[in-house]
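**Student:** I'd like to ask some things about the structure below.
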Amino acid sequence: QVQLVESGGGLVQPGGSLRLSCTASGRIFSINVMGWYRQVPGKQRELVALISSGDIINYGDSVKGRFIISRDNAKNTVDLQMNSLKPEDTAVYYCNCRWGVNNYWGQGTQVTVSS
């Protein structure tokens, strides 16, 4: 069993910053991809950012230039630095990790951008 524990969500004003962190633990073998997705009610879960074990990064179009993803392979952690936040960034953010046929999700952390 694999557990993903997220932290760092909360309420922030437009233009502000937040940092999300996720730690994977359990029966883990060489995680290939770690990253973040987000979802708002009534919409599909969408890609925020992914990073491979070789540091290949993919950002969703709506966050390019504002968010930065990083990971620590030794600690099985992935962080998401979110800058210049907008109200439309409001969502539940989910940590994801996968290798081979294994695909795991965290329980999600709420990010609310509002004045």
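The values are calculated or read from the model by the stated rules, or taken from the named source; none is laboratory data. Small disclaimer: the values here were computed from a predicted structure and weren't measured. For neighbour counting, all protein chains shown are included, and Cβ atoms are generated from backbone atoms with ideal geometry for every residue, glycine included. The protein model used for the area step is the full one, side chains on, heavy atoms only, and it has no ligands, DNA or RNA in it. Shrake-Rupley method; radii C 1.70, N 1.55, O 1.52, S 1.80 Å.
**Student:** Filter the range 32-58 down to residues that are closer than 14 Å to Ser70 by Cβ, in contact with a strand residue (DSSP E or B) (Cβ under 7 Å, 6 or more places away or on another chain) and either of a type in the set (Ser, Thr, Tyr) or not in a strand (DSSP E or B) (or both), then give me how many there are.
**Tutor:** Qualifying residue count, the range 32-58: 1.
**Student:** Related question: Among (1) more than 21 Å from Val101 (Cα to Cα); (2) open to solvent by less than 50 Å² (accessible area, probe 1.4 Å), where does Gly15 come up short?
**Tutor:** (2)
**Student:** Select, from Ile56, Ile31, the only residue that is of a type in the set (A, V, I, L, M) and either surrounded by 18 or more Cβ atoms within 10 Å (Cβ to Cβ) or in contact with a His (Cβ under 6 Å, 6 or more places away or on another chain) (or both). Reasoning before the result, please.
**Tutor:** On the way: Ile56 fails: either surrounded by 18 or more Cβ atoms within 10 Å (Cβ to Cβ) or in contact with a His (Cβ under 6 Å, 6 or more places away or on another chain) (or both).
Residue meeting the stated conditions: Ile31.
**Student:** Could you grab the pairs with beta carbons closer than 8 Å, sequence gap of 6+ or different chains, first residue in the range 1-21 and on the phi < 0 side of the Ramachandran plot, second one among the hydroxyl-bearing types (Ser, Thr, Tyr) and open to solvent by 80 Å² or more (accessible area, probe 1.4 Å)?
**Tutor:** Every condition considered, the pairs that remain are Gln13/Ser115; Pro14/Ser115.
**Student:** I want to confirm something. Restricting to the range 34-49 and keeping residues that are within 9 Å of the chain's Cα centre (by Cα) and in contact (Cβ under 8 Å) with a residue 40 or more places away in the chain, which single residue is most open to solvent (accessible area, probe 1.4 Å)?
**Tutor:** Ranking the qualifying residues of the range 34-49, first place goes to Tyr37.
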